[in-house]
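The values are calculated or read from the model by the stated rules, or taken from the named source; none is laboratory data. Because the structure is predicted, anything quoted here is derived from the model rather than measured. Neighbour counts are summed over all protein chains in view; Cβ atoms, including those assigned to glycine, are modelled from backbone coordinates with ideal geometry.
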C-alpha cells in the first residue's frame, strides 16, 4: 500500500525515485505505536530490509512488527496522518522488489502474524494469518485428507499473504489454478485504517468481487490481516513421469502437443541441462545429467485411471522426441524428484553467486518459438541462461547467471536482455509477468502492455 508526498501519476512510471525522509518527531511518534522491540529505525537494523530475493534495493525509514489486527490498524492510521508509504513484507522471498522500500517509508513486517486460526474439515476451508508459511499450511491440512494447491517453488519459505499479494502459481497451476482460485475471503486494513472483511465461505457473494481485486494487487490497496482459503481433497493417487529431450525447444513442442490433445496432467515442469547439472549433485534424485531438457509430469486421480493417463501422455511425448521415459516407482522417488525441482533457485548459486529470474508468460502454442528467441537474445548479450519453469501454462523463468555481481557492464547486459525478453513475451500476446508480480522491477515496463488511459484507470 503505497502513498506518496507530492508525486502524481503523470510520468510516475518513468521518473527517478523521490525518496521519503521522515522528520524526527514523526519517527518518535512511530515508536510509541508498539511495545519496545517492535519498531526499528536504526541504520544497522534497516540494512537487513533493503532487499527481497530480487535485485532491487531501497532502505526504509523504519520497520514495524505488528502482532495483531489492532497493531496494524494503529500503524496504518499513523501513516495516513503523516502521509507515509507503507510496504507490506512477509518472508522476503519475492523476486520483483514488491517488499522493497525504494522510495523510503515504513516496512510492515508480518512475521509474527503466523497462526492458522481455523481449519474447517467438513467445509474444506481454512483461515490463516498472512505470515503462515505455504508449506506449513499444506502439511497441516494434508493430515486431514486435504491440500492447498498453490505451490510456488518457494513454498518452504514464502507466506500465504505473499502468495495472495502476488497471486502466486506453481507447478500445479496448470490443472488446479493459481492463488486467486482459492481465496474465499480476506480481512484487510484500508489506507485510512478501517478494518474490513470481504468475501466469505459461501459461493457467489453479491456486488463487487473485492477478493479478486485485492488478490495480486501487491499490497497497493490494503494490508491483509487474515485469509480464508479453499482447500481440496487429496487426490486418491498420483504418478510422476520423467521424460528426456534433446533440446528445450523439442520439449516445448512436446508440451504443446499434450495440451493440443486435450490432456490435462496435474503438472508439466521443464528443466534444461544447466539446471539439471546443478541440482542433481545436491538432490540425488536420479535426474539424467546428460539430457538437454527434461519434463516432469504428474497425473492424478483414481488409481485405475493413472496407467491410461500416463500411456496417453507418453505416446505423445515419444512422438515429439521424448525418450528414456521413466515413471517414479515409489512415493519416496517421486518426492525426491519434486524436492530437486523446487531446489533449483537455491542450487543455481553453485554455478554463479547471483542470477536474474525473468518471469514472463506466453500462449502455450507459442512456447517453442519463444524459447528459441529467448536463447537468441541471451546469446547476443553473451549470457548463460538456464530454464526451470511451468511449461503447462506457458510461464517461463529464464535464469540468467551473473558470475560477478560487481561487474557493472555485465549487469547492464543482463538488464538489457531482460528488457528484450519482456518485449518478446508481450509481442507474442503474452504477459510481462506470470506470477512474480510487477513490483519495482517491471514498473517501467507497464507501458509495453497498457496505454496511458489504462494505466491512469489503475491508478484511480
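Keeping to region 401-421, report how many residues are closer than 19 Å to residue 252 by Cα and in contact with a strand residue (DSSP E or B) (Cβ under 6 Å, 6 or more places away or on another chain).
Quick first cut of region 401-421, residues closer than 19 Å to residue 252 by Cα only: 421.
Then drop every residue that is not in contact with a strand residue (DSSP E or B) (Cβ under 6 Å, 6 or more places away or on another chain), which leaves none.
Total meeting the criteria: 0.
Can you tell me which residue within region 424-447, out of those that are surrounded by fewer than 15 Cβ atoms within 10 Å (Cβ to Cβ) and touching a residue at least 24 places away in the same chain (Cβ under 8 Å), is nearest to residue 389 (Cα to Cα)? Steps first, answer last, please.
The first filter runs over region 424-447 and keeps only residues surrounded by fewer than 15 Cβ atoms within 10 Å (Cβ to Cβ), leaving 427, 429, 444, 447.
Restricting the remaining residues to those that are touching a residue at least 24 places away in the same chain (Cβ under 8 Å) gives 429, 444, 447.
Values: 429: 19, 444: 24, 447: 25 Å.
The selected residue is 429.
I'm trying to understand the selection: among the residues of region 46-76, which are in contact with a strand residue (DSSP E or B) (Cβ under 8 Å, 6 or more places away or on another chain), surrounded by fewer than 17 Cβ atoms within 10 Å (Cβ to Cβ) and over 27 Å from residue 436 (Cβ atoms)?
Within region 46-76, none qualify.
Given the criteria in contact (Cβ under 8 Å) with a residue 12 or more places away in the chain, touching a strand residue (DSSP E or B) at 6+ places or on another chain (Cβ under 7 Å) and part of a helix (DSSP H, G or I), does residue 392 qualify?
Answer is yes for this residue.
Right, residue 248: more than 24 Å from the chain's Cα centre (by Cα), on the phi < 0 side of the Ramachandran plot and crowded, with 19+ Cβ neighbours inside 10 Å or not?
no
Quick check: anything in region 200-223 more than 24 Å from residue 441 (Cα to Cα), more than 17 Å from the chain's Cα centre (by Cα) and assigned to a strand (DSSP E or B)?
no
When the residues of region 80-91 are narrowed to those that are part of a loop (DSSP other than H, G, I, E, B) and touching a helix residue (DSSP H, G or I) at 6+ places or on another chain (Cβ under 8 Å), which ends up nearest to residue 29 (Cα to Cα)? Let's see the steps before the verdict.
Of all residues in region 80-91, those part of a loop (DSSP other than H, G, I, E, B) come to 83-85, 90-91.
Add one more test, that the residue is touching a helix residue (DSSP H, G or I) at 6+ places or on another chain (Cβ under 8 Å), and what stays is 84-85, 90-91.
Working: 84: 13, 85: 15, 90: 24, 91: 27 Å.
Here the residue is 84.
Residues that are surrounded by fewer than 24 Cβ atoms within 10 Å (Cβ to Cβ), at least 1 per element: which helices (runs of 4 or more DSSP H) completely within region 96-194 meet that?
So the answer is 134-142, 173-176.
How about region 77-88: which of its residues are surrounded by fewer than 21 Cβ atoms within 10 Å (Cβ to Cβ) and either more than 30 Å from residue 411 (Cβ to Cβ) or touching a strand residue (DSSP E or B) at 6+ places or on another chain (Cβ under 6 Å) (or both)? Steps first, please.
We begin by selecting, within region 77-88, every residue surrounded by fewer than 21 Cβ atoms within 10 Å (Cβ to Cβ); these are 77-78, 80-83, 85.
Of everything in region 77-88, those that are surrounded by fewer than 21 Cβ atoms within 10 Å (Cβ to Cβ) and either more than 30 Å from residue 411 (Cβ to Cβ) or touching a strand residue (DSSP E or B) at 6+ places or on another chain (Cβ under 6 Å) (or both) turn out to be 77, 78, 80, 81, 82, 83.
Closer than 17 Å to residue 55 by Cα and not assigned by TED's automatic domain parsing to the domain that holds residue 288: does that describe residue 403? If you could, list the steps in order and put the result at the bottom.
Details: closer than 17 Å to residue 55 by Cα: yes; not assigned by TED's automatic domain parsing to the domain that holds residue 288: yes.
Considered against the rule, which asks whether it is closer than 17 Å to residue 55 by Cα and not assigned by TED's automatic domain parsing to the domain that holds residue 288, residue 403 comes out as yes.
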